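Below is one structure, written out as structure tokens; comments come after it.
Any read-out appearing in this document is the output of simple, stated calculations on the displayed coordinates, not a laboratory observation. Bear in mind the structure is a predicted one, so any value in this text is a computation, not a measurement. Note that each Cβ is placed from the backbone with ideal geometry, even for glycine, and that neighbours are counted across all protein chains shown.
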Amino acid sequence: MKKIGVLTSGGDSQGMNAAVYAVVRYGIEHGMQVYLIHSGYQGLIDGKVTQADAKSVEDIIHRGGTVIQTARCPDMKTEEGQKKAVNTLKRYGIEGLVVIGGDGSFQGAKVLSTKYGVKTIGIPGTIDNDLAYTDFTLGFDSATTVVINSVQMLRDTMACNGRTCVVEVMGRHCGDIALYGGLASGAEVVIVPEVGYDIDETVARLKANAAHGKTDNIIVVAEGVCSAEKVAADVKERLPEMEIRSLTLGHIQRGGNATLQDRLLGIRMGALAVECLACGKTDRVIGIKDNAVFDDDMLEALAKTKRFNTELYRLANKLSQY
Ligand code: ADP
Ligand code: F6P
């Protein structure tokens, strides 16, 4: 394969740039011409394509966001949009495409491969960690690191005021950011969609902690459950004496430098994607299991159901008992 393209799509995530870097440099190393497709599927439809050289990806490994831009592109769900996307690939002679994105972006990749025969390789780029076939997705580690740093900062002020703070974190329908972030920052309550929200349990935990002399608490709630404001209002209704604040962390979770884990993951996944294309593989997704990167059949991988880490959830509950 002589010409390959790479795009980033959907919600950006730290580590996407590291993957783009590896696809470009490793592709060139394999004697390929590598094309950057700007602004995800929208750029593919509109023909926003430039050829990369090694310098194009200089000094990007660490950076959050994606230097080749991203987009949510409704047109890609239409036949007209898909045909335009395929025409762009034909016009540039691009034989293989690396799609870096989340579940939605992989649906687009699936359409391109199954309906139009485009050789596609998916790299999981999303902070949500919501893809079942892989232990981790690009950006999850960095976003969760933002969560734990934020909780630590909040703890300073909550502790000296004897207050409780509800922190809402991202993740769409997946509770991993809340679970890992809550556990690693010592949050007193972690609320995730996989388990559900029970205000009686939350209040019981806060009361039990108060009985042991604890005056400050952090409650981490995943956005897939409800808002921080709702949890704060529910607690206030039951415990009017409690001083409570709420905060939605929001897009700060997608910003800042990628952690070591996400840089390595991006580089390793990008390199494997190139290797797959170099030997003519198609319709594959790249993942990581037990610290080994692998490629798997796209359709089979996407059909898997995500398993919630009940062991970590149990630990989060046990360890937060004051
Ligand atoms: P993410 O990839 O982060 O999950 P989205 O769900 O927004 O983000 O999907 C990103 C893009 O992937 C969409 O804007 C659209 O262009 C494309 N996409 C999503 N679902 C499909 C689909 N069923 N068919 C074709 N393209 C899709
Ligand atoms: O899928 C990644 C994600 O950051 C989700 O966690 C969040 O719900 C969503 O994207 C936010 O989307 P937007 O950037 O379009 O506001």
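Packing order of peptides 12-22, 68-78, 291-301, highest average first: 12-22, 68-78, 291-301 (average count of other Cβ atoms within 10 Å over each peptide's residues).
Which residues in the range 180-208 have a backbone N closer than 15 Å to a point placed 7 Å from the Cα of Arg238 along the Cα-to-Cβ line? Hits in the range 180-208 for Arg238 at 15 Å: 188-192, 196-208. Under 17 Å from a point placed 7 Å out from the Cα of Cys160 along the Cα-to-Cβ direction: which residues of the range 211-225 have their backbone N that close? Residues passing the 17 Å test: 215-217.
Remark: Glu237, Glu201 ranked as Glu237, Glu201, counting other beta-carbon atoms within 10 Å and listing the fewest first.
Sequentially through the range 36-46, phi angles give Karplus couplings (6.51, -1.76, 1.60; θ = phi - 60°) of 8, 9, 8, 6, x, 5, 4, x, 5, 5, 8 Hz, Gly and Pro residues having no value and appearing as x. Backbone phi angles across the range 287-301, fed through the Karplus curve with coefficients 6.51, -1.76 and 1.60 (θ = phi - 60°), yield HN-Hα couplings of x, 9, 9, 6, 6, 10, 7, 8, 10, 9, 4, 4, 5, 5, 5 Hz in residue order; Gly and Pro are listed as x.
Under 1.5 on a/c is rounded, so check that first for the range 255-309, then, if it is not, pick prolate when a/b is larger than b/c and oblate when it is not; a ≥ b ≥ c are the square roots of the alpha carbon gyration tensor eigenvalues.
Details: a/c = 2.22, a/b = 1.15, b/c = 1.93.
Taking the square roots of the gyration eigenvalues as a ≥ b ≥ c, the range 255-309 is oblate.
Would you mind calculating the relative contact order of the range 21-107 from Cα pairs under 8 angstrom and at least 6 residues apart, reporting the percent as a whole number?
Working: 91 pairs, mean separation 25.0, N = 87.
Averaging sequence separation for qualifying contacts and normalising by length gives 29 percent for the range 21-107.
Across the range 216-227, coupling constants 3J(HN,Hα) worked out from phi with the 6.51/-1.76/1.60 Karplus curve, θ = phi - 60°, read 10, 9, 10, 10, 9, 10, 6, 4, x, 9, 5, 7 Hz, and Gly and Pro carry x.
Let me check against my output: what whole-number percent is the relative contact order of the range 63-141, with C-alpha pairs under 8 Å and at least 6 apart? Don't skip to the answer; put the middle values down first.
Values: 82 pairs, mean separation 17.0, N = 79.
Relative CO of the range 63-141 lands at 22 percent.
Among residues other than Val225 with Cβ under 12 Å from its Cβ, the summed charge is -3 (Lys and Arg +1, Asp and Glu -1). The H on the amide N of Val221, modeled in the peptide plane, is under 5 Å from the matching H of Val167, Glu168, Val169, Ile191, each at least 5 residues off or on a different chain.
Taking a ≥ b ≥ c as the square roots of the eigenvalues of the alpha-carbon gyration tensor, the range 1-110 is classed oblate because a/c is 1.5 or more while a/b is no larger than b/c.
Restricting to the chain, what percent of DSSP beta bridges are antiparallel, rounded to 5?
Details: 9 of 41 bridges.
Of the beta bridges lying entirely in the chain, close to 20 percent run antiparallel.
Residues whose amide H comes within less than 5 Å of that of Ala71, counting only those at least five positions distant or on another chain, are Gly10, Gly40, Tyr41 (H built at 1.01 Å from N in the peptide plane). Each of Cys226, Cys174 has some number of other Cβ atoms within 10 Å of its Cβ, and from fewest to most they run Cys226, Cys174. When Glu79, Glu229, Glu95 are arranged by Cβ crowding within 10 Å, least crowded first, meaning fewest neighbours, the order is Glu79, Glu229, Glu95. Under a 5 Å amide H cut-off, with hydrogens placed 1.01 Å from N, Gly65 pairs with Ser13, Gln14 among residues at least 5 apart or on other chains.
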